[in-house]
Amino acid sequence: MADQRRVIIRNASILDPAAGELLPDRVITVEGGDIAEVAESTAAPARTTDARLVDARGRVVMPGLIDGHVHVLAYTADLPAAAEQSPFYVAARASEILRGMLDRGFTTVRDAAGAEYGLADAVREGYFVGPRVMFGGKALSQTGGHGDGRQRGREVHDDAYCAPSHCRVVDGVDEVRRAVRDEIRKGAEHIKLMLGGGVASPTDRIDSTQFSVDEIRAAVQEATAANRYVLGHAYTSRAVNRGLAAGVRSIEHGNLMDSSSIPLFLEHDAFYVPTLATYSALAEEGPAAGLPPESFGKVFEVLDAGRRALELAHRGGVKIVYGTDLLGDMHYRQLTEFALRAQVQPAADILRSATTTAAELLGMAGRIGTIAPGAAADLLVVDGNPLDDVTLLTKPDDALRLIMHGGRVHKNTLD
């Protein structure tokens, strides 16, 4: 539901994340939800009488942000409990989460388990206000794996389509193939596998490996056949390396990996999606947000290791994508990932991780994460220069003067 009226943003200093530099004195013309033209100010657009004019007054205009790891259905950190809620209630809570993401400047998010085509359609058609949702449906977990939310005494895992659970439990190559095909049938744009243990699951160890290599390869084969890809939840190098060798395209978290993983990332042209924000959030707010005690105890196994893993990947030249993985009432901390990564990476690299590199992972290079003709008109007008201080983005109420998503102005305090 993009605004079809032409919008001309003049006196803009365009942030080019690929080059890590500003291009001053530019004019951006938006038509029908896309960027039609980017020109120097001396080359004024031919038609302005039928356009809405926006004067950036020399401010930085940058692409809308991309979060490569979110859970828009996670209104509570108690994911097993959320799976038993009414799907209508969960959708209502998700609409609130989505609006908050757009308010922070995120115009595209990749949901890493739970969201499906109905939610993505509701945003695209304007019934929910929020960023573009790239969804993967339900993640796949083995019995007793990270996506199996049953306590020890419970026998049934409800992964029916209408249940707002984040995962479906499958075992064996044939079940994996069938599940991948089924999620792709429903429109999944990626497939998530639980390659190892995790925090928010009740019975598995974080240092476990999950799914056999044959099961992982089967999922990758089916996703590749449909021109989709697999992302893998993993913490240790043992779990990470099995996934990379089998063709998994992106590794999520990876807090406990060591240097043995870096050559495999490079060999397979794979992506790394750290999610530092969620661990600091869980350590401070987890129990209040609904995180069960058995999960809260696991947080501290990975909390401090995340920064070391990011340093390894950054020094090794791995393609790194911005991700947060926040749950429950902690979604408001989505922008703190910028400050956490600034302890390790230069601002330009962090900005690329939330724009051009993320767009490449999502298969949308040139369409999002950039300001160029033919790209979606996802634009932020910023007070200050994020290349000098990326942490200014952590204060969107002050820093973000305009938020445009698909040509529609969501926020404007310039006038």
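Within the range 175-200, the set of residues being touching a helix residue (DSSP H, G or I) at 6+ places or on another chain (Cβ under 7 Å) and crowded, with 20+ Cβ neighbours inside 10 Å comprises Val176, Val180, Ile191, Leu193, Leu195, Gly196, Val199, Ala200. In this structure, does Ala94 turn out to be under 24 Å from Gly136 (Cβ atoms), at pLDDT 95 or above and not in a strand (DSSP E or B)? So Ala94 passes the test.
Among the numbered conditions (1) part of a loop (DSSP other than H, G, I, E, B); (2) farther than 30 Å from Leu291 by Cα; (3) touching a residue at least 24 places away in the same chain (Cβ under 8 Å), the only one that Ala77 does not meet is (2).
Ala219 meets all of the listed conditions (1) over 20 Å from the mean Cα position of the chain (by Cα); (2) part of a loop (DSSP other than H, G, I, E, B); (3) surrounded by 24 or more Cβ atoms within 10 Å (Cβ to Cβ) but one, namely (2).
Go through the range 319-342 and report how many residues are of a type in the set (Val, Ile, Thr) and part of a loop (DSSP other than H, G, I, E, B). Don't jump to the end; show me each part of the working.
Applying the first criterion (of a type in the set (Val, Ile, Thr)) to the range 319-342 yields 320-321, 324, 336.
Imposing the further condition that a residue be part of a loop (DSSP other than H, G, I, E, B) reduces the set to 321, 324.
Adding up the residues that qualify gives 2.
Among the residues of the range 46-96, those identified as under 24 Å from Asp415 (Cβ atoms) and buried (at least 18 other Cβ atoms within 10 Å of the Cβ) are Val54, Ala56, Arg59, Val60, Val61, Met62, Pro63, Gly64, Leu65.
Of Leu282, Leu291, all but one fail to be buried (at least 19 other Cβ atoms within 10 Å of the Cβ), in a loop (DSSP other than H, G, I, E, B) and at pLDDT below 95; the exception is Leu291.
Based on what the data block shows, is Leu23 surrounded by fewer than 17 Cβ atoms within 10 Å (Cβ to Cβ), in contact (Cβ under 8 Å) with a residue 24 or more places away in the chain, on the phi < 0 side of the Ramachandran plot and in the same structural domain as Pro373 (by TED's automatic domain parsing)? Spell out the reasoning first.
Working: surrounded by fewer than 17 Cβ atoms within 10 Å (Cβ to Cβ): yes; in contact (Cβ under 8 Å) with a residue 24 or more places away in the chain: no; on the phi < 0 side of the Ramachandran plot: yes; in the same structural domain as Pro373 (by TED's automatic domain parsing): yes.
No; evaluated as a whole, the condition is false for this residue.
So, of the residues in the range 104-123 that are closer than 19 Å to Leu379 by Cβ and in contact with a strand residue (DSSP E or B) (Cβ under 7 Å, 6 or more places away or on another chain), which turns out to be surrounded by the most Cβ atoms within 10 Å (Cβ to Cβ)? Checked the range 104-123; the qualifying residue surrounded by the most Cβ atoms within 10 Å (Cβ to Cβ) is Val109.
The values are calculated or read from the model by the stated rules, or taken from the named source; none is laboratory data. What you see is a predicted model, and the numbers here were worked out from it, not measured in a lab. Note: ideal-geometry Cβ built from the backbone for every residue, glycine included; neighbour counts use all protein chains shown.
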